[in-house]
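Following: one structure in structure tokens, then a few remarks.
The values are calculated or read from the model by the stated rules, or taken from the named source; none is laboratory data. Because the structure is a prediction, the values reported are computed rather than measured. As a convention, Cβ positions derive from the backbone with ideal geometry for all residues, glycine included, and neighbour counts pool all protein chains shown. Accessible surface areas use protein heavy atoms only, side chains included; no ligands, DNA or RNA. Shrake-Rupley method; radii C 1.70, N 1.55, O 1.52, S 1.80 Å.
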Amino acid sequence: MNVLFIVVDDLRPVLGCYGDKLVKSPNIDQLASQSMVFSNAYAQQALCAPSRVSFLTGRRPDTTRLYDFYSYWRVHAGNYSTMPQYFKENGYVTMSVGKVFHPGVSSNYSDDYPYSWSIPPFHPSAEKHENDKTCRGKDGKLHANLVCPVNVTEMPGGTLPDIQSTEEAIHLLNVMKTTRQKFFLAVGYHKPHIPLRYPQEFLKLYPLENITLAPDPWVPKKLPSVAYNPWMDIRQRDDVEALNVSFPYGPLPDDFQRRIRQSYYAAVSYLDVQVGLLLSALDDAGLSNNTIVVFTADHGWSLGEHGEWAKYSNFDVATRVPLMFYVPGMTTSPVSRGARVFPFLDPFSHIGGSVPQGQSKKVVELVSLFPTLAELAGLQVPPACPEMSFGVVLCTEGRSIAHYFNISEGKVEQGKEGCDDTERCFNEEPVALSQYPRPADTPQWNSDKPRLKDIRIMGYSMRAFHYRYTLWVQFDPSNFSADFKNVHAGELYMMDNDPNQDYNIYNNTSHGWFFKKIIDFLKH
């Protein structure tokens, strides 16, 4: 099987296939209707570079030793193999288009070429204008705004980065069709990463009167101050700066909150069109019946929940991601030659949703992508890492989740009910671990993105189906050690009656069991 690996920047699961009633995402929903969809998938850190290096190597941020943007794991931690490198070593042509690795130091200024890729990675030329003054304001002048619907023909080069990435990816699919080599093609889309710059016609899909505020737009009363992220990157945009919002807790004016949410949705629909064009080209090339398609994101993004914007936290809104796998003959019956699996759907005219082919509510982590894809492609699954794995070139800290594909969800849930020993079942239930560093106990100008040398506290967050438990502990950046005897703050949310994680019950609950579980998990 070939692999088409689609990774999106800052996309939380605001998609029709995840039950969002407002969004128009017919092409991604169509992919979901042929896929195994995971409704509880989590990134390991809600920041681009650490998350991407983590899932591309199959190792957690504590093992890649990357919590910021400023080190290359092969030099700084260990010479770990990556997922594309493994496919390359197993005879695949591996190709990268757009933002797959985070560009810069964290991928050696080369997107880890030539280790991971057979040919030099492609970056769209329009990418360099991403933060330029290209947004026309009410004054008629150009600004570097957060909310930035544009006329594409007026943009530098008359295009946008994701449009260029789609064109290049389609070109490479057509090359692969003629060479008939097996391939691993990774396509990284920028939107809905800020600035929220997208073709202005997508605003028509989301009249402002239909846009609500977040269900919980306030800062929770019992939220430890260390857990809050003050969304500095948004404050620096011209349109937000003009609002003179107080640091650190805001809040943004309600009407502007609605405009951000409207633009985030519009950017998702613009992304959906790109994905639709790409999948339709997979059909055109006759490759849909022998190509695994994976769709995910590097992390989520807060849209006003808990009074927060952006990522930079351990909440579900920042760590939960869409995750789906289309595996021909496994998630769907084999496709007859020439039949279309992914006809392009226009979000402006398409009506009606599609439900996922299979859905698992099991809690899973992005660190499991590497072993899962290896297993689905029929390659030998890389071994599990030993406790100390800095010298081990090939191993993964995630487990393959391919076995979840074969079981109907009904059987999975019954298996849980049929467990006679409640404590054992609770101990064995899958959990996801995310983490986030902070420079101090209270919000600072660098709380969102502290550099390694400034990290003093690490928030380790364990998400199980029924709860999220977070400990903020003393951290020493000189030797990468966390001191669990020095807990600065804690959070405990019970999902059954607090799905938005607004009511922290850490201080009025005994949590010895949770503490033991997170320590055991970190050891293994």
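Below is a table of values for the structure above.
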{"quantity": "PRO149 assigned to a loop (DSSP other than H, G, I, E, B) and not aliphatic (A, V, I, L, M)", "calculated": "no"}
{"quantity": "Positions within the range 281-326 being over 21 Å from PHE38 (Cα atoms) and either touching a Ser or Thr at 6+ places or on another chain (Cβ under 6 Å) or part of a strand (DSSP E or B) (or both), in sequence order", "calculated": "LEU282, LEU303, GLU308, TRP309, ALA310"}
{"quantity": "Top-ranked residue in the range 198-223 [being in contact with a helix residue (DSSP H, G or I) (Cβ under 8 Å, 6 or more places away or on another chain) and outside any loop (DSSP other than H, G, I, E, B); ranked as surrounded by the fewest Cβ atoms within 10 Å (Cβ to Cβ)]", "calculated": "LEU208"}
{"quantity": "Count of residues meeting criterion [in contact with a Ser or Thr (Cβ under 9 Å, 6 or more places away or on another chain), more than 19 Å from SER71 (Cβ to Cβ) and among the small types (Gly, Ala, Ser)] in the range 83-117", "calculated": "2"}
{"quantity": "Subset of the range 234-256 (residues that are open to solvent by 10 Å² or more (accessible area, probe 1.4 Å), touching a Phe, Trp or Tyr at 6+ places or on another chain (Cβ under 9 Å) and closer than 30 Å to SER25 by Cα)", "calculated": "ARG235, ASP239, PRO251"}
{"quantity": "Cross-chain or 6+ apart pairs with Cβ under 9 Å, the range 151-178 first and at positive phi, then loosely packed, with under 14 Cβ neighbours inside 10 Å", "calculated": "GLY157/SER125"}
{"quantity": "The lone exception for ASN504 - which of (1) surrounded by 18 or more Cβ atoms within 10 Å (Cβ to Cβ); (2) out of contact with any Pro (no Cβ under 8 Å at 6 or more places or on another chain); (3) not in a strand (DSSP E or B) it fails", "calculated": "(2)"}
{"quantity": "Residues within the range 1-59 that are open to solvent by 10 Å² or more (accessible area, probe 1.4 Å), in a helix (DSSP H, G or I) and either without any contact (Cβ under 8 Å) to a residue 40 or more places away in the chain or polar (S, T, N, Q) (or both), tallied", "calculated": "1"}
{"quantity": "Residue list for the range 432-479, restricted to those being closer than 28 Å to LYS516 by Cβ, open to solvent by 40 Å² or more (accessible area, probe 1.4 Å) and touching a residue at least 40 places away in the same chain (Cβ under 8 Å)", "calculated": "ASP441, PHE465"}
{"quantity": "Hits in the range 480-490 (condition: open to solvent by 50 Å² or more (accessible area, probe 1.4 Å) and touching a residue at least 12 places away in the same chain (Cβ under 8 Å))", "calculated": "ASN486, VAL487, HIS488"}
{"quantity": "The lone exception for TYR115 - which of (1) surrounded by fewer than 24 Cβ atoms within 10 Å (Cβ to Cβ); (2) outside any loop (DSSP other than H, G, I, E, B) it fails", "calculated": "(2)"}
{"quantity": "Hits in the range 350-385 (condition: part of a loop (DSSP other than H, G, I, E, B), open to solvent by 70 Å² or more (accessible area, probe 1.4 Å) and modelled with pLDDT of 95 or more)", "calculated": "GLN380, PRO383"}
{"quantity": "Residue in the range 77-88 that is aromatic (Phe, Trp, Tyr), in contact (Cβ under 8 Å) with a residue 40 or more places away in the chain and part of a helix (DSSP H, G or I) present", "calculated": "yes"}
{"quantity": "Residue in the range 100-111 that is without any contact (Cβ under 8 Å) to a residue 40 or more places away in the chain, open to solvent by less than 30 Å² (accessible area, probe 1.4 Å) and under 20 Å from the mean Cα position of the chain (by Cα) present", "calculated": "yes"}
{"quantity": "Selection status of LEU66, assigned to a helix (DSSP H, G or I) and buried (at least 24 other Cβ atoms within 10 Å of the Cβ)", "calculated": "no"}
